[in-house]
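Each remark here refers to the structure printed beneath this line.
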Amino acid sequence: MTTSSSERGVSLGMPGLPAPAYPDDVRARLETDAREVIARYPDSRSALLPLLHLVQSEEGHVTRTGMQFCADMLDLTTAEVTAVATFYTMYRRKPSGDYQVGVCTNTLCAVMGGDAIFETLQEHLGVGNGETTDDGKVTLEHIECNAACDFAPVVMVNWEFFDNQTPASAKRLVDDLRAGQPVEPTRGARLCTFKETARILAGFPDERPGAVEESGSAGPASLVGLRLARGEAAPARVVHPRGGPHEEPQDRVHEPSPAEHLSSHDAPQDTSASDPAHPAGPTAEEGE
């Protein structure tokens, strides 16, 4: 007995209708912004990535209408635009929340507690990977690497860092986001919505007063190598194997002050900005 293509869920009929157009006023505004972006590049097709961020800032994800708009502006086919939009995970293909909460589950973050954080948040929020809470506030996802291994385990919200998280601090973080409470990243500027973040990634300035100055630079743990190269670092802190016998070295061992950031080889630190009992550590300008 054979089954038809329709019974197998395969459509062999007419192609889908063209993507609906933006309203005239939205189209005019986006065209003005798009031309500003395109003018930055000697080859117009190089502007595709920021244009995808631009249309994402309009609707919160990259729609068929947005991809058609990019194709029109850059004289590309929709197939070419779709190939790029589906390759990069930073472009959303379906409606998502105001806050994209990404939990790093790559090797170091995972062994430092990232897997536990992700599992806790799935249960706490009642959503799976890539899903959004019913109130439309939070979309949860696991991500491969935040390039912040020295602060593991790391959670990112709209691409801003929340370092040295624990399951408990991550739960407080998402609860604050859903409640509309002010949340300060461990490093970087204060949070804005995902749509606002997408516009900044498209190459437009962050117009919030003081936000650029808040961005700061690399955290202290990231600058240890630079300080060592300059001969500026304090003597290394000796970390012995956990649970194993050891003798104290004869030389004085440097013990970090509470303001210093511990190595990611230490136990995860409660430094979530949503936890007033464990405020975020100080930031440092590069080279300081």
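Here are the numbers:
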item	result
The lone exception for GLY114 - which of (1) open to solvent by 40 Å² or more (accessible area, probe 1.4 Å); (2) over 24 Å from GLU196 (Cα atoms) it fails	(1)
Qualifying residue in segment 176-199 (condition: in contact (Cβ under 8 Å) with a residue 40 or more places away in the chain and among the small types (Gly, Ala, Ser))	yes
Every residue from segment 37-51 that is without any contact (Cβ under 8 Å) to a residue 60 or more places away in the chain and closer than 22 Å to MET90 by Cα	ILE38, TYR41, SER44, ARG45, SER46, ALA47, LEU48, LEU49
Which numbered condition GLY97 misses (of (1) in contact with an Asp or Glu (Cβ under 9 Å, 6 or more places away or on another chain); (2) closer than 25 Å to LEU48 by Cα; (3) open to solvent by 30 Å² or more (accessible area, probe 1.4 Å))	(3)
For LEU177: the one exception among (1) outside any helix (DSSP H, G or I); (2) more than 20 Å from PRO220 (Cβ to Cβ)	(1)
Complete set of residues in segment 58-87 that are open to solvent by 50 Å² or more (accessible area, probe 1.4 Å), among the β-branched types (Val, Ile, Thr) and in a helix (DSSP H, G or I)	THR78
Restricting segment 117-127 to residues that are open to solvent by less than 30 Å² (accessible area, probe 1.4 Å) and free of Cβ contacts under 8 Å to residues at least 40 places away in the same chain, the residue that is farthest from the chain's Cα centre (by Cα)	VAL127
Qualifying positions in segment 138-162 - open to solvent by 20 Å² or more (accessible area, probe 1.4 Å), outside any strand (DSSP E or B) and closer than 7 Å to CYS104 by Cα	GLU144, CYS145
Boolean, GLY130 is over 23 Å from THR63 (Cβ atoms), without any contact (Cβ under 8 Å) to a residue 40 or more places away in the chain and surrounded by fewer than 16 Cβ atoms within 10 Å (Cβ to Cβ)	no
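The values are calculated or read from the model by the stated rules, or taken from the named source; none is laboratory data. Quantities reported herein were computed from a predicted structural model and do not represent experimental measurements. Reconstructed Cβ throughout: ideal geometry from the backbone, glycine too, with neighbour counts over all protein chains shown. Side chains included, ligands, DNA and RNA excluded: accessible areas come from the protein's heavy atoms. Shrake-Rupley method; radii C 1.70, N 1.55, O 1.52, S 1.80 Å.
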